[in-house]
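This report refers to the structure that appears directly beneath it.
Read-outs: derived from the displayed coordinates by stated rules, not from any lab. No experiment lies behind these values; they were computed from the predicted model shown. Cβ: placed from backbone, ideal geometry, glycine included. Neighbour counts: every protein chain shown.
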Amino acid sequence: MATLAPRCRLLGPTGPRPTALRACAAVSCSRRAPVPPHAARPRRVFLGLGATLIDSVARMASGGTSDRTFVAGARPRQGVSPVVQILKNVEWPDEFPFKPEDFSRFDESADTLFYSVPRFVTHIDDEAIRALTQYYSEVLPPSNTPGVAILDMCSSWVSHYPPGYKQEKIVGMGMNEDELKRNSVLTEYVVQDLNVNPNLPFEDNSFDVITNVVSVDYLTKPIDVFKEMRRILRPAGLAIMSFSNRCFWTKAISIWTSTGDADHAWIVGAYFHYSGGFEPPQAVDISPNPGRTDPMYIVYSTKKTV
């Protein structure tokens, strides 16, 4: 009998408030705005089962028959993280498998409403933050590398880079200017709502690395955003999407709130794949204490050189 995969842990009035780490909205239930009528439109609901989601997508793409190789990554081997396995040897459907309703949200009110007041808090626990910072210390270019440019997409007052990390250009893109001003790692910042305008205001081939912390689940136009990421990355440039199992469910997209951790890795991998121009995405599980602290997952890819 299948076991339900963990879904997003809901952050309500007693949980931490959003950090504005994202250029898309997340809101505590205690600050929830009235939901407009159009927000209640029907949404597809998946079961939160790794294999079930992937098999469902495969059937939609193939006209009713799933591909055995396609779903193999969803069936975990003992002792190996299913998040890591989910992007191994994927045979993607010919067309993007998700529908517009998969990117609907329970609360479709203006995202900027929730970022009018700065919130200087963190979104994941200290253990998960330390794991992410350690990961960054291993994969980011060494501090003060000449010519390196980094974009921290969906940024806030903290980026979780290693202490003292510096580059000639580190741009933060977020929703609240007061928070961005307080982020000491940034050399400059841009205030922009990616759910309204997914076009990135940067020249082609201008960044070496793009990071995004616990925010990819709020993007309602992910393919547009990922295509823009590809455009502004230099050849072989690295894009790192990190996420946990915590979310503000009223602002997270439907396909995210109805699925589990391994599914989330596959969804982010699909964004890379269907945007074109990226190497096959890979997933990493850097959870510091599985089952005891917040998990931490990475899906990353590099821009193709040709």
(request) Please report, to two decimal places, log10 I(q)/I(0) for segment 179-306 at q = 0.15, 0.18 Å⁻¹ as given by the Debye formula with identical point scatterers on the Cα atoms and no solvent. (result) -0.75, -1.07
(message) Need the C-alpha centroid separation for segment 271-294 versus segment 222-237, integer Å.
(response) 17
(message) Using the Kirkwood radius over C-alpha pairs as Rh, can you work out the diffusion coefficient of segment 255-306 via Stokes-Einstein at 10 °C, viscosity 1.306 mPa s, in µm² per second?
(response) 131
(request) Percent of Cα-Cα pairs per 10 Å bin, from 0 to the last occupied bin, for segment 90-219, please list those. (result) 11, 38, 33, 17, 2
(request) Give the percent of DSSP beta bridges with both residues in segment 191-300 that are antiparallel, rounded to the nearest 5. (result) 55
(request) Can you tell me the relative contact order of segment 222-306? Whole percent, Cα pairs under 8 Å, sequence separation 6 or more. (result) 43
(request) Quote to one decimal, in nm, the extra length available between K304 and D193 on full extension: 0.36 nm per residue of separation minus the C-alpha distance between them. (result) 37.2 nm
(message) Relative contact order of segment 148-306, please, whole-number percent, based on alpha carbon pairs below 8 angstrom and at least 6 residues apart.
(response) 20
(message) Given axes a ≥ b ≥ c from the Cα gyration tensor, I'd like to know whether segment 171-247 is rounded (a/c under 1.5), prolate (a/b larger than b/c) or oblate.
(response) rounded
(message) Residues of segment 273-306 with the amide nitrogen closer than 15 Å to a label point 7 Å from the Cα of A236, along Cα-to-Cβ, please.
(response) 279, 302-306
(request) Take the alpha carbon gyration tensor of segment 140-189, find the square roots of its eigenvalues, order them as a ≥ b ≥ c, and report rounded if a/c is under 1.5; if not, report prolate when a/b exceeds b/c, else oblate. (result) prolate
(request) Tell me the GluC sites (Glu not before Pro) within segment 115-207 that lie in a loop according to DSSP and have at most 13 other beta-carbon atoms within 10 Å. (result) E168, E203
(request) Could you compute the FRET efficiency for S206 and Q134, with r as their C-beta to C-beta distance and R0 at 25 Å, rounded to 0.05? (result) 0.35
(request) Counting other beta carbons within 10 Å of each Cβ, put I253, I286 in order, fewest first. (result) I286, I253
(request) Quick one: order H264, H273 by neighbouring beta-carbon count within 10 Å, fewest to most. (result) H273, H264
(request) Give me the distance between the Cα centres of segment 174-209 and segment 143-168, rounded to whole Å. (result) 12
(request) Please find the FRET efficiency linking N89 to N144, where r is the Cβ-Cβ separation and R0 is fixed at 51 Å, and quote it to the nearest 0.05. (result) 0.85
